[in-house]
Amino acid sequence: MKCSLIRDLLPLYVEGDCSPKTNKVVREHLDRCSECHKLYELINSPIDVKAITKPVTTETHTRSNEFWKRYYGRLILKGLGLFFVVYITVIKLMVLFKL
Ligand SMILES: [Zn+2]
């Protein structure tokens, strides 16, 4: 049987959903073919969900917080800058027109 067919069957084989005849064919192929055997071991190995998801979400969360801190920081600075420009212009105009 071709490697591509065996690889298609691997998830079913790992779950034990194949017929006994298919199981035998897949097992025999895995004994002979190292590439398919590596894939089988990869699929069959337990996945540590916490190890995969937790650092990623924490990092994303921190990055997101940093982004918003910087965003609002710049926004406040721009607001303050604009306020002082308008304030100084108004004072200059008041002095100029002696109000
Ligand atoms: Zn193979």
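The values are calculated or read from the model by the stated rules, or taken from the named source; none is laboratory data. As the structure is a computational prediction, the values presented were derived from the model and not from experiment. We place every Cβ from the backbone using ideal geometry, glycine too, and count neighbours over all the protein chains shown.
With respect to ARG74, determine if the residue is surrounded by 10 or more Cβ atoms within 10 Å (Cβ to Cβ) and either away from the ligand (no atom under 16 Å from the Cβ) or at pLDDT 90 or above (or both).
yes
Can you pull out the residues in the stretch 6-41 that are within 9 Å of the ligand (Cβ to nearest atom) and either among the hydrophobic types (A, V, I, L, M, F, W, C) or loosely packed, with under 10 Cβ neighbours inside 10 Å (or both)?
Once the filter is applied, which keeps residues that are within 9 Å of the ligand (Cβ to nearest atom) and either among the hydrophobic types (A, V, I, L, M, F, W, C) or loosely packed, with under 10 Cβ neighbours inside 10 Å (or both), the stretch 6-41 yields ILE6, LEU30, ARG32, CYS33, SER34, CYS36, LEU39.
Against the condition over 30 Å from SER4 (Cα atoms) and either at pLDDT 90 or above or not in a helix (DSSP H, G or I) (or both), how does VAL90 come out, does it pass?
yes
For residues that are under 34 Å from the mean Cα position of the chain (by Cα) and part of a helix (DSSP H, G or I), tally how many sit in the stretch 14-25.
Count: 2.
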